[in-house]
Amino acid sequence: MLEETFELLNQSQCEAYLERLNLPWPRKADRAFLDTLMERHLAVIPFENLDTALLYRPIRLDTDSLYEKIVQNRRGGYCFELNALFLGLLRGLGYEAWPTGCRVLCRPGLPPIYHRACIILLEENLLFCDVGFGGICSSRSVRLTPGTVTETDFASFSVTRECRGWLNLYYTPHSTPDAAPQPLLMICEAPSAPQDFFSANEAMSAPASVFSQKIMVQKLTPYGSWSINGDILTRRTASGRETVALENREALEECLRRDFSLVF
């Protein structure tokens, strides 16, 4: 009964999703293609909260609405949207995958479950995938085995056991390799149902939420992330890091079109 609630895209929907990512249908649903999917997703489909912070539209989490927004209308979204539709793609391609609830470990204390991601069971290994965090994230699947390290272009990721059913995800940026690993997420190994995230989505999209207070947009590039935080654009290129102030709505919309391929 639980698995029947998980998002699932049909073949034509998967083909259109892959077309947006400029990827072919995989010959095999293996880890290599999974990592390619993640990298392309983070580069092509931005994390963005334009509906809550700019357009004042409700966030709908049913699969048809998510498919229309992200694939057909070529928009982005945040975790409850991006990781939900990504799970539908994974399952449509033949991966054994399920939604997982996470706690964001950015402040002292135990936070609520306000983040959604995906877990894949592949060749008896649990792999963590997240294309909707909007911050520091792994560009490839992270093996959920304590003591193992997953390397990416920008950081190393590792997990430790918090207690039964829960794992802590840490990252170490390559820019400061001698630094201690920093806590990122607490991940539940057990599957959640999509409706488990409805109340969290309502809270995160409410007028008082940080997601409604300022614009947040991010995508991955070969040189690091490009992002909008409020009215500041940050780009990383071969020449280094640059910031640009977006002084009005016109400048913002031009930036969204030019740098993030977002038109609304």
- Query: In region 34-59, which residue that is free of Cβ contacts under 8 Å to residues at least 60 places away in the same chain and closer than 20 Å to L121 by Cα is surrounded by the fewest Cβ atoms within 10 Å (Cβ to Cβ)?
  - Reply: T36
- Query: From the list E96, E189, E124, which one is in contact with a strand residue (DSSP E or B) (Cβ under 6 Å, 6 or more places away or on another chain), of a type in the set (D, E, K, R) and more than 21 Å from T221 (Cβ to Cβ)?
  - Reply: E96
- Task: Please verify whether region 79-90 includes one or more residues that are polar (S, T, N, Q), outside any strand (DSSP E or B) and within 27 Å of R249 (Cβ to Cβ).
- Result: no
- Can you tell me which of D130, D64 is of a type in the set (D, E) and under 18 Å from H41 (Cα atoms)? D130
- Message: Within region 155-162, does at least one residue satisfy the condition of being exposed (fewer than 14 other Cβ atoms within 10 Å of the Cβ), among the polar types (S, T, N, Q) and touching a residue at least 12 places away in the same chain (Cβ under 8 Å)?
- Response: yes
- Between residues in region 230-246 that are on the phi > 0 side of the Ramachandran plot and residues that are in a strand (DSSP E or B), which pairs lie under 9 Å by C-beta distance while being six or more apart or on different chains? G230/M216
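Please tell me if I113 is of a type in the set (A, V, I, L, M, F, W, C), under 22 Å from A193 (Cβ atoms), in a loop (DSSP other than H, G, I, E, B) and in the same structural domain as R27 (by TED's automatic domain parsing). Let's see the steps before the verdict.
Working: of a type in the set (A, V, I, L, M, F, W, C): yes; under 22 Å from A193 (Cβ atoms): yes; in a loop (DSSP other than H, G, I, E, B): yes; in the same structural domain as R27 (by TED's automatic domain parsing): yes.
It is true that I113 is of a type in the set (A, V, I, L, M, F, W, C), under 22 Å from A193 (Cβ atoms), in a loop (DSSP other than H, G, I, E, B) and in the same structural domain as R27 (by TED's automatic domain parsing).
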- Give region 193-220 a look and list any residue that's in contact (Cβ under 8 Å) with a residue 12 or more places away in the chain, farther than 30 Å from W98 by Cβ and of a type outside the set (A, V, I, L, M, F, W, C), or say none. Q213, K214
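The values are calculated or read from the model by the stated rules, or taken from the named source; none is laboratory data. Just so we're clear, the structure is a prediction, and the values are computed from it rather than from any experiment. Glycine gets a Cβ as well: all are built from the backbone with ideal geometry, and neighbour counts include every protein chain shown.
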